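Undergrad: Dumping the structure here so I can ask a few things about it.
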Amino acid sequence: MAGSSASGAKKLDKSLTLFDVYAISTGAMFSSGFFLLPGLATAEAGPSAILAYLIAGILIMPSMLSMAELSTAMPKSGGTYYFLDRSLGPLAGTVGGLGTWLALVFKSAFALIGMGAYLAIFFEVPIKPLAAALTVAFAVLNVVGAKETSGLQRILVAILVAVLVFFTVQGLFTVVGGDPAQVQGDLTPFFPFGATGFFSTIGLVFVSYAGLTKATSVAEEVQNPDRNIPLGMFLSLLTATILYVVGVYIMVSVLNPAELRQDLTPVATAGEVFLTWLPYGGGLILVVVAAIAAFASTGNAGILSASRYPLAMARDRLLPEHFAKLGRFKTPTFGVAITAVLMLLVIFGLSEEGVAKLASAFQLLIFGLVNFAVIIMRESRIPSYAPGYRSPFYPWTQILGIVIAFFLITEMGPLAILFTGGIVIAGIGWYFFYARNVAREGAIFHLFARLGKFRYDGLDSELQGILEEKGSTDDAEFERLVARAEILQLEEPTDYASVVERATKILAEHLSISAETLKHDFLEGTQHSATSVSHGAALPYVRASGINRQAMVMVHCQSGICVDIDPDITGESGSEPVYAIFFLVTPEDEQSLHLRTLATLASRTDDDDFLVEWRSANDEQEVKESLLHHDRYLTLQLLSGTNTEEFIGREVRDVNVPAGNLVALIRRRGDIIVPNGSTSFEEGDRVTIIGDPNGIQRLYELYRRGEREGVVR
């Protein structure tokens, strides 16, 4: 069982966008929390359930911010499990992974029970068998693929949000200025069951927001996770909090208190009160459609995210390897199947309120541990911990999140506490029975340096690998660095020391720094410098003080240069011929930028086609283009009588280039020009434009469609 991951694990496709993150998080929240729980919440807290929903939305923010930070640093399948494992170690990872998996199973099962309850308004169907059938249907969909699953999720969430906005607007008109006969509710006394009932209800409805972080479990499949995960979760929380608070206020206002407390379909009942003006029972139909969309989206998103937990744990050998295998559709088929089986057991074995409370209690424990994980990761000072988003007000945000979680657990009642403790004990038992020999420890041992023998040095390498998979958070920034870089073209064999001397002289001129200092750092190595050699490319780098920007010199050598590898830095020894060398200098205080740039360079040079393109490049422009992704740059030859004729004679600032793209290079009669806004185009120029793929595609359609052998027609 030694090793960090299951061998041969395949990567999941990055197919999820910002809207997918929003849809997964939003769809996971608007089901039981809105369509089932208001009745149960008012039974425990009375009208103060309105305030309980608002406070629960506020209280989840520290955990949301911590989740966002961890998921941008480690966008891997398994989300919470992966964060806890890499920060607190495999024991905590086992407990957190198994527990969160079960919590998601409970919540998803609860949602499908609710879907059955709303369908039963119109059809004589048994609720639990219907929920079981839906579980099987969504499991099959999840086996087919994340892209297909997220496509359905988009549709469901769009319908859901549109109907709920309509419901709340119409409800507010009724409560504020409608017929008084329709307002049967009573907001007094606001706290009929005292503080105990109120705080217990906050814990109960907290499960309504727990789905907010579901997107982190599929972070490995999210495009540009540094932007899309935090933004998607924030937009989702904003949507949910507003609609929850306003919607529950409407239900409490228009429904009889005694009837509301026993109502499992309160939204439908409220809709029958103030949506009567819609013909043919349209109000009730509309609400049921929204409820079905909500419960379906939660069940769908729940299986999608829950199935990634056994996948991630199996990769790390904490579960049998069979869970790590992907099926023919590149989805964790076995994980989906086991998740669906567990949901069926929950559906037939537990009551609705029991499911809600048990899921909520363990989720609170996990949120507390996630906040602690952020503190551990930051204080461990692992070089490759470079989140694209950092939680504000550290560490007070995390401390508050820990206090909130454990306070609410104590308010959940003895059954929920015992259940949470039972999961913890079961997770510990499984770890010592199956996974105790896993050769990996968490970042906590980096924090406590006095326990150095337990420190797991592979963690830094693993995080660096994640950075390479994720790449730079700002492609335009990397492209500008490449565009500014100078190139040394070496036709004859030479030694590495001579190359370093030439490169450092160029860098010294650009950065106003001592060439001798840079040369020493590149050759001798310091705590801020090293050299990585792989796939015929070398990445020597230095983090220097007293500079305010990055700079790079690229060396193009057809005959190859032997670069000696320092075993103290890389763990390897010997020398390896390289054909591309990237001398990178970054400001010392820009660690995150430095790591992401290295990751992007490493990711590109690891591509199978990179070295072929690099060695076949005939000039500086082609050398730079070989380092850029094909969908992010376009080369145009400016010739009269072609579509590009309109460029000739005009200045760069006057050319219509789509937003997010820029003219980076011009090759003119053998010279390379880095243009500014006043640079004029001339006939025969070879122009490289870099930037947003959509903009590049539009330019291609305008100027390169029909091109053949370099001539634009």
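Undergrad: Translational D (Stokes-Einstein, µm²/s) of segment 283-435 at 37 °C and 0.692 mPa s when Rh comes from the Kirkwood sum over C-alpha pairs?
TA: On the way: Rh = 18.5 Å.
D, rounded to a whole number, is 177 µm²/s.
Undergrad: Let a ≥ b ≥ c be the square roots of the eigenvalues of the Cα gyration tensor of segment 151-295; is it rounded (a/c under 1.5), or, if not, prolate (a/b larger than b/c) or oblate?
TA: Oblate is the answer for segment 151-295, as a/c is 1.5 or above yet b/c matches or exceeds a/b.
Undergrad: Same structure, new question: Tell me whether segment 98-146 comes out rounded, prolate or oblate; compute the Cα gyration tensor, take square roots of the eigenvalues as a ≥ b ≥ c, and use a/c under 1.5 as the rounded threshold. Could the numbers behind the result be given before it?
TA: Numbers: a/c = 3.00, a/b = 1.52, b/c = 1.97.
In terms of gyration-tensor shape, oblate.
Undergrad: For segment 271-335, rounded, prolate or oblate, judged on the Cα gyration tensor with a ≥ b ≥ c (square roots of eigenvalues), a/c < 1.5 rounded, else prolate if a/b > b/c?
TA: Verdict is prolate for segment 271-335.
Undergrad: So how long is each side of segment 220-276 along the principal axes, counting just the alpha-carbon atoms, biggest first, in Å?
TA: Principal axes ranked by extent give 48, 21, 18 Å for the Cα atoms.
Undergrad: What part of the accessible area of segment 52-120, given as a whole %, is carbon or sulfur when the probe is 1.4 angstrom? Numbers along the way, then the final one.
TA: On the way: 740 of 840 Å².
Ligands and nucleic acids excluded, carbon and sulfur reach 88 percent.
Undergrad: Restrict the search to segment 388-438; then list the chymotrypsin sites (Phe, Trp or Tyr not before Pro) that DSSP places in a loop and that have at most 16 other Cβ atoms within 10 Å of their Cβ.
TA: Numbers: sites: Tyr389, Phe393, Trp396, Phe406, Phe407, Phe419, Trp430, Tyr431, Phe432, Phe433, Tyr434; in loops: Tyr389, Phe393.
Taking segment 388-438 and a limit of 16 other Cβ atoms within 10 Å, the loop chymotrypsin sites (Phe, Trp or Tyr not before Pro) found are Phe393.
Undergrad: Further question: Can you check what the net charge comes to around Lys505, using other residues whose Cβ is under 15 Å from the Cβ of Lys505 (Lys, Arg +1; Asp, Glu -1)?
TA: Values: positive: Arg502, Lys519; negative: Glu486, Glu501, Glu509, Glu516, Asp521.
In short, -3.
Undergrad: Quick query: amide H of Leu488 versus all other amide H atoms, modeled in the peptide plane; which residues come in under 5 Å with a sequence gap of 5 or more or a different chain?
TA: Answer set, sorted by chain and number: Met554, Val555, His556.
Undergrad: Give Lys519/Lys624; Lys76/Lys128; Lys14/Lys505; Lys505/Lys624; Lys76/Lys107 a once-over and call out the pairs whose C-alpha atoms are over 30 Å from each other.
TA: Working: Lys519/Lys624 24 Å; Lys76/Lys128 34 Å; Lys14/Lys505 41 Å; Lys505/Lys624 20 Å; Lys76/Lys107 22 Å.
Violating the 30 Å Cα-Cα cut-off are Lys76/Lys128; Lys14/Lys505.
Undergrad: Can I ask one more? For a quick check of your reading of the filter: which trypsin sites (Lys or Arg not before Pro) in segment 262-340 sit in a DSSP loop and have no more than 14 other Cβ atoms within 10 Å? Provide the component values of the computation, followed by the final result.
TA: Values: sites: Arg308, Arg315, Arg317, Lys325, Arg328, Lys330; in loops: Arg317, Lys325, Arg328, Lys330.
Listed in order of number, the matching sites are Arg328.
Undergrad: Treat segment 18-68 as a sphere of radius equal to its Kirkwood radius over Cα pairs and apply Stokes-Einstein at 20 °C in a medium of 1.002 mPa s; give the translational diffusion coefficient in µm²/s, rounded to a whole number. Mind dumping the intermediate values first?
TA: On the way: Rh = 12.4 Å.
The calculation lands on 173 µm²/s.
The values are calculated or read from the model by the stated rules, or taken from the named source; none is laboratory data. This structure is a prediction, so every number in the text was calculated from the model and none was measured. Virtual Cβ from ideal backbone geometry, glycine too; neighbours counted across all protein chains shown. Side chains included, ligands, DNA and RNA excluded: accessible areas come from the protein's heavy atoms. Shrake-Rupley method; radii C 1.70, N 1.55, O 1.52, S 1.80 Å.
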